[in-house]
Amino acid sequence: MSKLRRSMLFVPGSNAAMLSNSFIYRPDALMFDLEDSVAVTEKDTARLLVFHALQLPMYREIETVVRVNPLNSAYGKLDVEAMVRAGVDVIRLPKTDSAEDILEMERHILEVERSCGRKEGSTRMMAAIESAMGVINAPEIAKASPRLIGIALGAEDYVRDLRTERSPEGIELMFARCSILQAARAAGIAAFDTVYSNANNEEGFIHEAEHIKQLGFDGKSLINPRQIDLLHNVFAPTRKEVGNARLIIEAAENAAQQGLGVVSLNGKMVDAPIIERARWVLQRAEASGIRQ
Ligand SMILES: CC(C)(COP(=O)(O)OP(=O)(O)OC[C@H]1O[C@@H](n2cnc3c(N)ncnc32)[C@H](O)[C@@H]1OP(=O)(O)O)[C@@H](O)C(=O)NCCC(=O)NCCSC(=O)C[C@@](O)(CC(=O)O)C(=O)O
Ligand SMILES: [Mg+2]
């Protein structure tokens, strides 16, 4: 079963208090940020703080992602050098506009891996798409490197680029979400949704989480620990879904014994894709529990 990456909690890299205890919230991944949540005057301090946080034993037990600054900024290369040396699991490249951005990042990561003796290819990558150009190039971006675990939408920057703003229904994000999802699936990698920026609006958050789960996303970036359980609950299958999946597997096993590829379960067709989905529901229930 592929690794669970439902929740990825952004932690501002310049906030020493948050860095020291963010593991207690147990998201699927922690995403230390060196980019937009860090003031220009704090960039060097944040890099040092995150470097040290990555040495802490508690961060060895959880997947760590660091969002670095773009390589064409004054900080990007220094960020990558420090984070690869620190042993981060995944580097998140923000504002990815083209496959060339990925290739450039890959070249730089490889150089650092070689110079510090880290296994070549062991640093994984994630690309955040945050512009119209990035959305148009999503299929090439998603296929650009075997290091990529997934691509993600960065909606706050994206709506700025489109010259609009986010609405509760998210109609302005529909094209980008579908494009990113299609590109990710065609490349065989994960698709991650963007942050919901109001930590106090639980209802709005759940509405958005249900929407992106229905579209097919694997998970979502988060800004606040209170959003973690809400998201995990949305992603957990319901008791009814689990019960139904068990019946489908049972029916499929009986059908296989009789040499049949398709059978009926209470009038509903059960064939290969339906069986595969049922297995996926059971795996998900085992990994994430059943919806509360
Ligand atoms: C939103 C808010 C200010 C609310 O503050 P509040 O004070 O109301 O929070 P409370 O709930 O009261 O905190 C209760 C306890 O949790 C602790 N706690 C809170 N948040 C924590 C956390 N994140 N990590 C660890 N610990 C945390 C806190 O320290 C306290 O601990 P304690 O005192 O011990 O009880 C706060 O959460 C926060 O700063 N979030 C991170 C924001 C951030 O990273 N932005 C950048 C990424 S987005 C972006 O760049 C756009 C994007 O690029 C995105 C894309 O690409 O998708 C695009 O373009 O769209
Ligand atoms: Mg952004």
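Values in this text are rule-based calculations from the coordinates and carry no lab data. No experiment lies behind these values; they were computed from the predicted model shown. Reconstructed Cβ throughout: ideal geometry from the backbone, glycine too, with neighbour counts over all protein chains shown.
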* Could you work out the Rg to Rh ratio of the stretch 239-288, with Rh taken as the Kirkwood radius (inverse of the mean 1/r over all Cα pairs)? => 0.98
* **Range of Cα positions in the chain per principal axis (Å), largest first** => 66, 43, 38
* Asked: Say each of SER2 and GLU276 gets a label point 7 Å from the Cα, pointing the same way as Cα to Cβ; how far apart are those two points in nm?
  -> 1.2
* Asked: Roughly how many nanometres apart are two label points built 7 Å out from the Cα toward the Cβ at GLN257 and MET269?
  -> 2.5
* Can you put THR41, THR164 in order of Cβ neighbours within 10 angstrom, beginning with the fewest? => THR41, THR164
* **Fluctuation leader among LEU153, LEU49, LEU247 - the chain, Gaussian network, Cα springs under 10 angstrom** => LEU247
* Environment charge at ILE223 (Cβ cut-off 12 Å; Lys +1, Arg +1, Asp -1, Glu -1) -> -1
* Rounded to the nearest 500, what is the 222 nm mean residue ellipticity of the chain from helices alone, with -39500 (n - 2.57) per DSSP H run of 4+ residues and division by all residues? => -14500 deg cm²/dmol
* Asked: At a Förster radius of 51 Å, what calculated FRET efficiency corresponds to the Cβ-Cβ distance of ARG26 and MET133, to the nearest 0.05?
  -> 0.90
* Under 15 Å from the Cβ of SER14, count the other residues' Cβ atoms, weight Lys and Arg +1, Asp and Glu -1, and hand me the total. => -3
* For each of PHE51, PHE235, count neighbouring Cβ atoms within 10 Å of the residue's Cβ, then give the residues from fewest to most. => PHE51, PHE235
* Multiply the residue separation of ALA74 and GLU61 by 0.36 nm, subtract the distance between their alpha-carbon atoms, and state the gained length in nm to one decimal. => 1.5 nm
* Averaging over all projection directions, find the projected area of the Cα convex hull of the stretch 27-148 and quote it in nm² with one decimal place. => 7.4
* Structure fact -> Here the longest stretch of the chain that holds no GluC sites (Glu not before Pro) in a DSSP loop having at most 11 other beta carbon atoms within 10 Å is 170-292
